Structure formats: structure tokens, C-alpha cells
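Structure record follows, encoded as C-alpha cells.
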Amino acid sequence: MSKSDAMQIEGFFDPGTSTVSYIVLDRETRQCAIVDSVLDYDPKSGRTRTTSADKLVTFIQENRLQVQWILETHAHADHLTAAPYLKRKLGGMTGIGEHIRTVQKVFQGVFNLEPQFRSDGSQFDHLFRDGEEFRIGELVARAVHVPGHTPADLAYVIGDAVFVGDTLFMPDVGTARCDFPGGNAHMLYASIRKILSMPRDTRLFMCHDYPANGRAVTFETTVAEQLARNIHVHEGVTEAQFVEMRSKRDATLDMPVLILPAVQVNIRGGELPPREGNGVSYLKIPLDAL
Ligand SMILES: [Fe+2]
């Protein structure tokens with residue numbers, strides 16, 4: 001079995017948030033990583049559920065895998081991470097980019113979090129530096145800093161596959177927005193060029209899919225396809241053109257439904273806010289702040 005045959009990638013699409021969670025496994029050692037899990041959250045009732053995360057749990061248990069890593073590409077604004085639930089159930093180390101500290105500092109202010117809240121990234125087991133290598137079983141993986149959507153975004157390069165997070169979407173959908181606190185379209189352009197300078201047959205796995213025109217959900221493409229067909233950043237689009245397009249488009253977008261619940265949970269590594277005296281955990285809604 002060659003190294004690339006040893007890698008298996010399973011995508012799990014969550015229709016509620018259009019998020020794709022992945023399990024990346026090394027067939028030889030049965031070790032795996034989870035990328036971008038989802039904790040279901042119903043904003044009408046304030047209730048969390050683990051239906052989406054339990055699909056990952058079932059796959060991992062049925063295939064007798066050992067979880068080594070529970071990875072985030074970034075602190076998501078459209079869904080809550082299920083990382084703590086999965087860690088309690090399956091083990092493994094949680095990880096995110098080291099610049100999560102910047103995101104924590106910004107949103108600690110936005111949410112006026114309790115004084116005990118730490119903006120040092122210590123809620124995560126590991127903070128990845130740009131270019132840092134790690135292993136999933138015997139698969140070689142590398143974290144690549146791809147800021148722009150947020151200051152802390154990572155892409156994970158594993159063998160010939162890249163989990164791009166919120167940088168690129170499928171070619172007919174385009175690219176991620178850059179208007180959240182700390183977002184920057186110039187940086188996103190540079191990050192995307194970094195990804196698209198990889199070999200043309202590199203497989204790219206999206207964090208989301210928002211299919212239009214009746215096409216089926218899909219989340220795998222290649223560098224070559226993105227260069228040829230991405231509606232926002234195909235070959236030849238200049239930085240100035242991209243930034244102008246992105247800024248105009250972002251100005252028309254509503255905030256994601258779950259941005260306030262999601263961000264305040266995700267900067268805690270997915271733990272809910274500390275329970276209050278009555279044993280209940282509460283989310284905060286800052287008024288007129290975003
Ligand atoms: Fe995102």
C-alpha cells in the first residue's frame with residue numbers, strides 16, 4: 001500500500017449549516033483526525049444536539065479508529081464545534097491555529113466575557129504555527145496559515161489533500177467573506193494564491209458547500225479546477241479586482257444566523273459558557289455591536 005493509498009477521507013455534510021466535517025484516516029495504523037465538527041444548535045429553543053457529531057462517532061466506532069486529532073480550520077461563525085463532545089467520547093487532541101489568540105482578544109471585548117476568560121488559546125490542546133508538521137498515524141500533515149476570512153484560519157495539508165477551511169468554496173460558489181472582525185480581503189487573496197500555487201492535481205476539500213442552480217452538494221475539487229473556473233479567483237484575477245469584488249459583495253451579506261452563539265462558544269474551544277448559579281449556561285447577545 002503506497003502512502004496515498006493509506007489515506008482515506010470521509011466527508012459528512014450537515015444540511016443545517018452547509019458545513020462539511022471530515023474524518024481523515026490512516027488505513028495502516030487506524031489513527032484518524034476529525035476536521036471541523038458540528039454541534040447542532042437550534043436558535044429558537046437554545047437547545048444543542050449531537051445528531052451531526054454522532055454520525056462521526058458511529059463511523060469511528062464502526063471502523064475501529066483511534067482519534068488522534070480533533071482539528072478546527074478556524075473559529076467558525078456559522079456553527080458551533082462539537083470538539084469537546086467528541087474528545088470526551090473518543091479522545092484525541094484538539095487543535096487550531098495559534099492566531100486564535102487574536103480572535104479571542106477581539107471577541108472577548110465584543111462579548112465582554114468574564115474576567116477569568118483566557119485569550120491565550122489554552123482552551124485548545126495544541127496551537128499550530130504556520131508550516132508546522134504533524135502526523136496522523138503515519139500520514140504526514142502540515143498546518144498552513146491562510147488568514148483573510150479570520151486572522152487565524154488554517155488549511156491542513158495531508159498527503160495530496162488540502163482541507164481549505166473558509167478560503168475557497170467550490171468553483172461555482174467562489175470564496176469566503178472577509179467582513180467579520182479581523183477579516184481582510186487582501187490577506188484572503190494572498191492565502192488563496194498560496195493554496196493555488198500547489199501542484200495542479202492537489203485535491204481540495206471545502207469546509208462548506210452552497211450549491212446553486214439545482215446542482216447536488218459536492219465538496220471536493222482540485223487546484224486546476226479552481227484556477228480554471230472559480231468565479232472569484234480564477235487565473236488572471238488581480239488582487240485589486242478580487243478585493244473590489246469581495247468588498248462590494250460582503251456589503252450585501254447578512255450576518256450568519258448563528259454568528260453570535262457560534263463565535264462565543266468556538267473561542268472557548270467549543271465549551272459552553274460557565275454555568276451560572278442555577279446550573280444553566282447562558283449565551284450573550286451584544287446589542288448594536290456587530
Ligand atoms: Fe467560517
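Data overview
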| read-out | value |
| --- | --- |
| Region 170-224, residues that are among the polar types (S, T, N, Q), surrounded by fewer than 20 Cβ atoms within 10 Å (Cβ to Cβ) and under 16 Å from R246 (Cβ atoms) | N184 |
| Qualifying residues in region 199-224 (those that are part of a strand (DSSP E or B) and not aliphatic (A, V, I, L, M)) - the one farthest from G11 (Cα to Cα) | T222 |
| Counted residues, region 170-212 - those being within 20 Å of V20 (Cα to Cα) and of a type in the set (S, T, N, Q) | 2 |
| Strands (runs of 3 or more DSSP E) wholly inside region 139-198 that include at least 2 residues being farther than 27 Å from A212 by Cβ and either away from the ligand (no atom under 12 Å from the Cβ) or of a type in the set (A, V, I, L, M) (or both) | 139-145, 154-158 |
| From the options G236, G270, residue that is under 28 Å from I158 (Cβ atoms), assigned to a loop (DSSP other than H, G, I, E, B) and not hydroxyl-bearing (S, T, Y) | G270 |
| Q61 being of a type outside the set (D, E, K, R) and closer than 29 Å to D201 by Cβ | no |
| Residue within region 216-231 that is among the hydroxyl-bearing types (S, T, Y) and within 16 Å of the ligand (Cβ to nearest atom) present | no |
| Evaluation of V265 against (1) touching a strand residue (DSSP E or B) at 6+ places or on another chain (Cβ under 8 Å); (2) touching a residue at least 60 places away in the same chain (Cβ under 8 Å); (3) part of a loop (DSSP other than H, G, I, E, B); (4) buried (at least 21 other Cβ atoms within 10 Å of the Cβ) (one fails), failing number | (3) |
| So T51, is it among the β-branched types (V, I, T), within 16 Å of the ligand (Cβ to nearest atom) and modelled with pLDDT of 95 or more | no |
| Conditions (1) touching a residue at least 60 places away in the same chain (Cβ under 8 Å); (2) within 23 Å of S37 (Cβ to Cβ); number of the one not met by P211 | (1) |
| Hey, G174 modelled with pLDDT under 95 and under 18 Å from the mean Cα position of the chain (by Cα) or not | no |
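A quick yes/no check of all residues on (1) within 16 Å of the ligand (Cβ to nearest atom); (2) without any contact (Cβ under 8 Å) to a residue 40 or more places away in the chain; (3) of a type in the set (A, V, I, L, M):
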{"position": "N63", "(1), (2), (3)": "no, yes, no"}
{"position": "V67", "(1), (2), (3)": "no, yes, yes"}
{"position": "I70", "(1), (2), (3)": "no, yes, yes"}
{"position": "H74", "(1), (2), (3)": "yes, no, no"}
{"position": "T81", "(1), (2), (3)": "yes, no, no"}
{"position": "Y85", "(1), (2), (3)": "no, no, no"}
{"position": "G97", "(1), (2), (3)": "yes, no, no"}
{"position": "F107", "(1), (2), (3)": "yes, no, no"}
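Matching residues to (1) of a type in the set (K, R); (2) without any contact (Cβ under 8 Å) to a residue 60 or more places away in the chain; (3) over 17 Å from L168 (Cβ atoms):
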| position | (1), (2), (3) |
| --- | --- |
| F219 | no, no, no |
| A228 | no, yes, no |
| V237 | no, yes, no |
| D254 | no, yes, yes |
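The values are calculated or read from the model by the stated rules, or taken from the named source; none is laboratory data. Quantities reported herein were computed from a predicted structural model and do not represent experimental measurements. As a convention, Cβ positions derive from the backbone with ideal geometry for all residues, glycine included, and neighbour counts pool all protein chains shown.
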